[in-house]
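Notes follow the structure.
The values are calculated or read from the model by the stated rules, or taken from the named source; none is laboratory data. The structure presented is a predicted model; accordingly, all values stated were derived computationally and were not measured. All Cβ positions, even for glycine, are placed from backbone atoms using ideal geometry, and neighbour counts span all protein chains on display. Protein only, heavy atoms only, side chains kept; ligands, DNA and RNA dropped before computing areas. Shrake-Rupley method; radii C 1.70, N 1.55, O 1.52, S 1.80 Å.
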Amino acid sequence: MKLGKVIGRVVSTRKIESFEGIKLLLVQPVDENLLPYGDPIVAADTIQSGVGQLIYYETSKEAGRVLPYTMNPLDAAIMGIVDNLNIEEKQ
Amino acid sequence: MKLGKVIGRVVSTRKIESFEGIKLLLVQPVDENLLPYGDPIVAADTIQSGVGQLIYYETSKEAGRVLPYTMNPLDAAIMGIVDNLNIEEKQ
Amino acid sequence: MKLGKVIGRVVSTRKIESFEGIKLLLVQPVDENLLPYGDPIVAADTIQSGVGQLIYYETSKEAGRVLPYTMNPLDAAIMGIVDNLNIEEKQ
Amino acid sequence: MKLGKVIGRVVSTRKIESFEGIKLLLVQPVDENLLPYGDPIVAADTIQSGVGQLIYYETSKEAGRVLPYTMNPLDAAIMGIVDNLNIEEKQ
Amino acid sequence: MKLGKVIGRVVSTRKIESFEGIKLLLVQPVDENLLPYGDPIVAADTIQSGVGQLIYYETSKEAGRVLPYTMNPLDAAIMGIVDNLNIEEKQ
């Protein structure tokens, strides 16, 4: 999983049928200092994440298992919201 | 999933048998400001995407599930067309 | 999938048993202008691709499904030969 | 798998249900000289890894198989702790 | 698959149970001119590869299928040893 920050929403009417009703958020990957890197991804959200929150997300096929219909072809999902990062050592 | 823009079509006669009849588009990844990054990918399209449209796509094995024969060895597919990106915060 | 150009062959005698008889090619990723980027990959070929041809290939686990024994642990395969790229728009 | 160093913990209360009770660590990828590269990942730990330890981890869907409930949508896990790296040759 | 050169061994006592008895090697990715790029990976070896050899390896979930217990959560394995690379064309 990777750390990310929710930066917006994706509004999409025409899409594959099994994506109906799924909330899609735009997530900016961030490092352990919460600095952005790379390009944003589009992830499904099932835990009521909001814009501005620090979250961790997956981008593998397992992401689809967070949905009610687990065979949904989804490859990115928010897994949890970060309360705190306890960084103890940075080589 | 990632954001991308459809930039062209891939015409291919000789291919694996299960790809017969599948529409293949060339997609340029773009960031939240619609600026291109990285190199284009070849994705299957099942939602009648057109050149110039902003879409979101997958590049994992789940992509194959958008096809009628879901065991098709496909690893990239367009999932939906973006109506609007509501960017609220960019760290 | 990605665009690539076949640049050579990989000759390998000692290998995992299920790879016996599988033709392995060296493929250089190329962009929409056929310019190389990144590093070459080793892909299985089942459609009689030849050196110098423009092809599209997969690098996910689905690649193994192009082989007769679909449970073969293969992660890269040539899917088709490109006749033509119709680039209409490049952002 | 990749080499990494455990640099911290991720505290998360709101998360997908199947992640309850799973210990999440922040891992910095390192090379063969233990120098950091890239950005840290969030990995599940089932072998009592501690901060500062050199470990190897996976970031594929197989990672979930280290958990009691193997269908858990996990894509990153610590697989083992490195006692020693015997580097014999670096091209 | 990718080309790589075996540069060392990984000694690991504490690890997930299903990794007992599996030989782990450190592999440096190399390009078609055998020049190194990127960072080394940790791969399982089942074909008696040795340090200094040019090999090709996988880093997808299919890698686990080279092991006796194919459900082993392994994501990187050496697939074969390269006898010869016949590079005919480099764009």
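Total residues in the range D:65-88 satisfying the condition of being open to solvent by 70 Å² or more (accessible area, probe 1.4 Å), assigned to a loop (DSSP other than H, G, I, E, B) and at pLDDT 75 or above: the figure is 2.
Comparison of D:31, D:45 shows that the only residue that is in contact with an Asp or Glu (Cβ under 9 Å, 6 or more places away or on another chain) and open to solvent by 10 Å² or more (accessible area, probe 1.4 Å) is D:31. The set of residues in the range B:19-39 being assigned to a strand (DSSP E or B) and more than 13 Å from chain A (Cβ to nearest Cβ) consists of B:24, B:25, B:26, B:27.
Whether a residue is open to solvent by 10 Å² or more (accessible area, probe 1.4 Å), part of a loop (DSSP other than H, G, I, E, B), within 9 Å of chain A (Cβ to nearest Cβ) and out of contact with any Leu (no Cβ under 8 Å at 6 or more places or on another chain) was assessed, and residue D:52 passes this test.
The condition of being modelled with pLDDT under 95, at positive phi and not basic (Lys, Arg) does not hold for residue C:38.
Return yes or no: is residue D:6 facing chain E (nearest Cβ under 8 Å), touching a strand residue (DSSP E or B) at 6+ places or on another chain (Cβ under 9 Å) and either buried (at least 22 other Cβ atoms within 10 Å of the Cβ) or closer than 28 Å to residue E:4 by Cβ (or both)?
Details: facing chain E (nearest Cβ under 8 Å): no; touching a strand residue (DSSP E or B) at 6+ places or on another chain (Cβ under 9 Å): yes; either buried (at least 22 other Cβ atoms within 10 Å of the Cβ) or closer than 28 Å to residue E:4 by Cβ (or both): yes.
No: the conditions fail for residue D:6.
The residues of the range D:1-20 that are under 23 Å from residue A:64 (Cα atoms) and small (Gly, Ala, Ser), listed by number, are D:12, D:18.
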